[in-house]
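This report refers to the structure that appears directly beneath it.
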Amino acid sequence: MNMVDRFQAENFTQLTPAMQTAFDQDGVLLLEGLVPPSACDGLRAHMDQMVDSFDPQEHQTIFSTTNQTHSQEDYFLSSGHQTRFFYEDGALDEDGKLNRPFEQAINKVGHAMHDQDPHFNQFSRQAAFHTIAKGLGVSDPLLAQSMYIFKQPKIGGEVICHQDATFIRSEPNSCLAFWVALEDATTENGCLWGIPGGHKDGPLRTLFVREGNTTKSITLDKTPYKEDMCVPLPAPKGTVIVFGGLFPHMSKANTSPKSRHAFTLHVIDANTHYPKDNWLQRPEHMPFQGF
Ligand code: FE2
């Protein structure tokens, strides 16, 4: 098994040549301890408050229309500049009511907390992320998307192998993901898995595009992922896993009694073209912003 190098990054100031080499070879960089435990706890506590003040009743009215599929799609497609709560598949009944307790229904929050919420803004715009983005070749990084992922105990479902440029495409590709373990992520509670070197093993396979009021997937290339080469990327709390838009990765279901909260941030380079058919769009007066 091709294991991925790990770096201790408690006192991170700059990418080292070894980190650069690892990122080039593997397509992924594991930086343990980059985010202090207190910052992870702070973000979790803040999300607890957001969840406490979230009103499922209000949310329910959005989904209690006659065409629930349409209202869910619309809620998603207009979330690029907002803070929205997304449920696990199948958590809503026909009336838009939750069919399970809220904490078992919530899947993630996205996609613009980094611009809308002061706490997320500060977390997302930490200096180390800016340094890393620049060091890995994103010359003028723009923060495109933030997500808080819950991966609830015994509930959080699997995410099949994919490349993030499918969802955040620039021409040329410049998507860079920061995946932050807000608590220990292990093979039991659904840590990330990835294919070391897989970013060089074929092009972008799929596009996920917006088409009017809906979305669709377009197959670009049928080269299969070498899933037998996929390795677990367990990440102690505070680890940041950095990978590019072509790096194939996935995560398995969380079958354990422990949650696996994670924060993700995606940046693109301002010096690239961001096509209008990307699902994630901003209103003209709220463009992507830098660090
Ligand atoms: Fe992903």
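Read-outs: derived from the displayed coordinates by stated rules, not from any lab. None of the values given here were measured: they were computed from a predicted structure. As a convention, Cβ positions derive from the backbone with ideal geometry for all residues, glycine included, and neighbour counts pool all protein chains shown.
Observations on the structure shown:
- Count of Lys pairs (Cα-Cα under 12 Å; at least 8 positions apart or interchain) in the stretch 116-271: 5
- Label zone at residue 16 (point 7 Å along Cα-to-Cβ), backbone N below 17 Å, the stretch 29-49: 29-35
- Degrees, to the nearest 10: 37-53 long Cα axis against longest axis of the chain: 10 degrees
- Relative contact order (percent, whole number), the chain, Cα cutoff 8 Å, 6+ residue spacing: 28 percent
- Pairwise centroid distance, computed over Cα atoms, of the stretch 229-291 with the stretch 107-170, Å: 4 Å
- 199, 273 arranged by Cβ crowding within 10 Å, fewest neighbours leading: 273, 199
- With respect to the chain, whose longest principal axis is taken over its alpha-carbon atoms, helix 17-26 is tilted by about 60°.
- Cα centre as origin, Lys/Arg/Asp/Glu Cβ charges: the chain dipole, Debye: 360 debye
- Comparing 202, 194, 157 in a Gaussian network model of the chain (Cα springs below 10 Å), the most mobile by mean-square fluctuation is 202.
- Here the gap between residue 255 and residue 54, fully extended at 0.36 nm per residue and compared with their Cα-Cα distance, gives a gain of 69.7 nm.
- 3J(HN,Hα) couplings calculated from phi for the stretch 138-144 with the Karplus curve 6.51 cos²θ - 1.76 cosθ + 1.60 (θ = phi - 60°) are, in sequence order, 8, 5, 9, x, 10, 7, 9 Hz; Gly and Pro show x.
- Relative contact order, percent, the stretch 38-160 [alpha-carbon distance under 8 Å, six or more residues apart]: 24 percent
- Segment residue 221-residue 95, length gained on full extension (0.36 nm per residue, minus Cα span): 41.4 nm
- 0 to 90° range, to nearest 10: angle between helix 68-77 axis and the chain longest Cα axis: 40 degrees
- Couplings 3J(HN,Hα) of the stretch 262-269, computed from phi: 9, 10, 10, 10, 10, 10, 10, 8 Hz, in residue order, whole Hz [Karplus 6.51 cos²θ - 1.76 cosθ + 1.60, θ = phi - 60°; x for Gly and Pro].
- Taking the charge dipole of the stretch 6-282 about its Cα centre, with +1 at Lys and Arg Cβ atoms and -1 at Asp and Glu Cβ atoms, the residue from 279, 213, 266 reaching farthest to the positive side is 266.
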